[in-house]
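The values are calculated or read from the model by the stated rules, or taken from the named source; none is laboratory data. Computed from a predicted structure; not experimentally measured. Ideal geometry is used to build each Cβ from the backbone, glycine not excepted, and the neighbour counts take in all protein chains shown. In case anyone asks, the SASA skips ligands and DNA or RNA and just uses the protein heavy atoms, side chains included. Shrake-Rupley method; radii C 1.70, N 1.55, O 1.52, S 1.80 Å.
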Amino acid sequence: MKIITNPQILSAFWAAWAWLAAAAYWGTTPTQLDPVARLVPGQHIFLMWVFTAMVLTVGAVCRHRTIGRWARIVGLIITTWLLIAWATAYIYQGVAEGTRMWVSGKNYGFLAAAAMAASPIMGRNTRSRHEKE
(Lines give C-alpha, C1' and ligand atoms only; values in the text may rest on other atoms or scores of the structure.)
Protein backbone atom coordinates (compact mmCIF):
# COMPACT_ATOMS: atom_id res chain seq x y z
CA MET A 1 0.00 0.00 0.00
CA LYS A 2 1.39 3.35 -1.02
CA ILE A 3 1.12 6.09 1.59
CA ILE A 4 0.33 9.63 0.49
CA THR A 5 3.51 11.63 1.05
CA ASN A 6 2.64 14.80 -0.82
CA PRO A 7 1.84 17.49 1.79
CA GLN A 8 -0.48 19.43 -0.53
CA ILE A 9 -2.56 16.36 -1.40
CA LEU A 10 -2.78 15.36 2.24
CA SER A 11 -3.86 18.90 3.13
CA ALA A 12 -6.56 18.70 0.45
CA PHE A 13 -7.91 15.48 1.99
CA TRP A 14 -8.02 17.01 5.49
CA ALA A 15 -9.57 20.19 4.06
CA ALA A 16 -12.31 18.12 2.40
CA TRP A 17 -12.95 16.36 5.69
CA ALA A 18 -13.15 19.71 7.52
CA TRP A 19 -15.55 21.14 4.88
CA LEU A 20 -17.79 18.09 5.35
CA ALA A 21 -17.63 18.48 9.13
CA ALA A 22 -18.63 22.14 8.77
CA ALA A 23 -21.59 21.11 6.63
CA ALA A 24 -22.59 18.41 9.12
CA TYR A 25 -22.72 20.90 12.00
CA TRP A 26 -24.30 23.76 10.03
CA GLY A 27 -27.12 25.14 12.17
CA THR A 28 -27.03 22.30 14.69
CA THR A 29 -25.06 21.35 17.76
CA PRO A 30 -25.58 17.91 19.27
CA THR A 31 -26.11 18.16 23.02
CA GLN A 32 -23.00 16.02 23.54
CA LEU A 33 -20.95 18.91 22.12
CA ASP A 34 -22.48 21.64 24.31
CA PRO A 35 -19.29 21.90 26.41
CA VAL A 36 -17.29 22.51 23.23
CA ALA A 37 -19.88 24.94 21.82
CA ARG A 38 -19.70 27.08 24.95
CA LEU A 39 -16.08 27.88 24.06
CA VAL A 40 -17.09 29.38 20.70
CA PRO A 41 -18.58 32.87 20.27
CA GLY A 42 -22.24 32.46 19.40
CA GLN A 43 -21.87 28.73 20.01
CA HIS A 44 -21.65 28.06 16.27
CA ILE A 45 -19.30 25.09 16.18
CA PHE A 46 -19.54 24.81 12.41
CA LEU A 47 -17.58 28.08 12.17
CA MET A 48 -14.55 26.38 13.72
CA TRP A 49 -14.63 23.77 10.97
CA VAL A 50 -15.17 26.42 8.27
CA PHE A 51 -12.10 28.33 9.46
CA THR A 52 -10.06 25.13 9.69
CA ALA A 53 -11.17 24.03 6.22
CA MET A 54 -10.23 27.42 4.76
CA VAL A 55 -6.74 27.29 6.30
CA LEU A 56 -6.17 23.71 5.10
CA THR A 57 -7.42 24.65 1.63
CA VAL A 58 -4.87 27.47 1.50
CA GLY A 59 -2.24 24.92 2.53
CA ALA A 60 -3.30 22.65 -0.31
CA VAL A 61 -3.33 25.23 -3.11
CA CYS A 62 -0.86 27.95 -2.10
CA ARG A 63 2.32 27.95 -4.18
CA HIS A 64 4.24 30.17 -1.74
CA ARG A 65 6.40 27.75 0.21
CA THR A 66 6.25 29.49 3.58
CA ILE A 67 2.58 30.47 3.51
CA GLY A 68 1.48 27.06 2.23
CA ARG A 69 3.58 25.23 4.80
CA TRP A 70 2.35 27.30 7.73
CA ALA A 71 -1.26 27.03 6.56
CA ARG A 72 -0.92 23.24 6.55
CA ILE A 73 0.72 23.22 9.97
CA VAL A 74 -1.80 25.58 11.59
CA GLY A 75 -4.75 23.87 9.91
CA LEU A 76 -3.65 20.47 11.12
CA ILE A 77 -3.04 21.74 14.66
CA ILE A 78 -6.56 23.15 14.78
CA THR A 79 -7.98 19.97 13.26
CA THR A 80 -6.20 17.85 15.86
CA TRP A 81 -7.45 19.96 18.77
CA LEU A 82 -11.01 19.95 17.44
CA LEU A 83 -10.91 16.18 17.04
CA ILE A 84 -9.58 15.79 20.58
CA ALA A 85 -12.37 18.07 21.87
CA TRP A 86 -14.98 16.05 19.98
CA ALA A 87 -13.51 12.76 21.25
CA THR A 88 -13.43 13.99 24.83
CA ALA A 89 -17.01 15.28 24.72
CA TYR A 90 -18.40 12.06 23.25
CA ILE A 91 -16.39 9.75 25.52
CA TYR A 92 -17.44 11.75 28.58
CA GLN A 93 -21.08 11.57 27.50
CA GLY A 94 -20.81 7.82 26.96
CA VAL A 95 -19.19 7.15 30.30
CA ALA A 96 -21.30 9.61 32.33
CA GLU A 97 -24.63 8.41 30.97
CA GLY A 98 -23.78 4.83 30.14
CA THR A 99 -24.56 5.32 26.45
CA ARG A 100 -22.75 4.23 23.32
CA MET A 101 -21.48 7.76 22.65
CA TRP A 102 -18.04 6.44 23.54
CA VAL A 103 -18.03 4.78 20.10
CA SER A 104 -18.16 8.17 18.37
CA GLY A 105 -15.56 9.42 20.85
CA LYS A 106 -13.29 6.53 19.95
CA ASN A 107 -13.67 7.34 16.25
CA TYR A 108 -12.78 10.99 16.78
CA GLY A 109 -9.85 9.92 18.95
CA PHE A 110 -8.47 7.76 16.19
CA LEU A 111 -8.98 10.58 13.68
CA ALA A 112 -6.97 12.83 16.01
CA ALA A 113 -4.22 10.19 16.05
CA ALA A 114 -4.32 10.08 12.24
CA ALA A 115 -3.96 13.86 12.13
CA MET A 116 -0.96 13.66 14.44
CA ALA A 117 0.55 10.93 12.27
CA ALA A 118 0.11 13.13 9.20
CA SER A 119 1.94 16.08 10.76
CA PRO A 120 5.49 15.14 9.68
CA ILE A 121 4.32 15.00 6.06
CA MET A 122 2.17 18.12 6.13
CA GLY A 123 4.95 20.15 7.71
CA ARG A 124 7.18 19.64 4.67
CA ASN A 125 7.26 21.58 1.43
CA THR A 126 8.00 18.64 -0.84
CA ARG A 127 7.11 15.01 -1.34
CA SER A 128 9.27 12.42 0.29
CA ARG A 129 12.35 11.17 -1.52
CA HIS A 130 10.68 7.77 -1.87
CA GLU A 131 7.67 9.21 -3.75
CA LYS A 132 9.91 11.17 -6.14
CA GLU A 133 11.60 8.00 -7.37
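Using Cα springs under 10 Å in a Gaussian network model of the chain, which residue among ALA18, ALA71, ALA113 shows the largest mean-square fluctuation?
In the Gaussian network model the winner is ALA113.
Would you kindly derive the ³J(HN,Hα) couplings of segment 64-78 from the backbone phi angles with the Karplus curve 6.51 cos²θ - 1.76 cosθ + 1.60 (θ = phi - 60°), listing them in order in whole Hz, with x for Gly and Pro?
6, 4, 6, 5, x, 5, 5, 5, 5, 5, 5, x, 6, 4, 4
Roughly to the nearest percent, how much of the accessible area of segment 1-113 is carbon and sulfur, given a 1.4 Å probe?
Carbon plus sulfur share of accessible area: 70 percent.
Show VAL58, VAL36, VAL103 ordered by accessible area, largest first, where the area counts protein heavy atoms only and the probe is 1.4 Å.
VAL58, VAL103, VAL36
Please find, in a Gaussian network model of the chain (springs between Cα atoms separated by less than 10 Å), the residue of LEU82, LEU39, LEU47 whose mean-square fluctuation is greatest.
LEU39
Share of Cα-Cα pairs in the chain beyond 26 Å, in percent?
Tail fraction, whole percent: 27.
If contacts are Cα pairs under 8 angstrom and at least 6 residues apart, what is the relative contact order of segment 10-71 in percent?
Answer for segment 10-71 is 43 percent.
About its Cα centre, how strong a charge dipole does the chain have in debye, to the nearest 20, once Lys and Arg get +1 and Asp and Glu get -1 at the Cβ?
Computed about the Cα centre, the dipole is about 600 debye.
Could you state the angle between the C-alpha long axis of helix 101-122 and the longest principal axis of the C-alpha atoms of the chain, as a value from 0 to 90 degrees rounded to the nearest 10?
For 101-122 against the chain, the angle is about 20 degrees.
Once the Cβ-Cβ distance between THR88 and TRP26 is put in as r, and R0 is 25 Å, what FRET efficiency do you end up with, to the nearest 0.05?
0.65
Got a sec to turn the phi values of segment 12-27 into Karplus ³J(HN,Hα) couplings, 6.51 cos²θ - 1.76 cosθ + 1.60 with θ = phi - 60°, whole Hz, x for Gly and Pro?
Per residue, the Karplus-derived 3J(HN,Hα) values read 5, 4, 5, 4, 4, 4, 5, 4, 5, 5, 4, 5, 5, 9, 4, x Hz.
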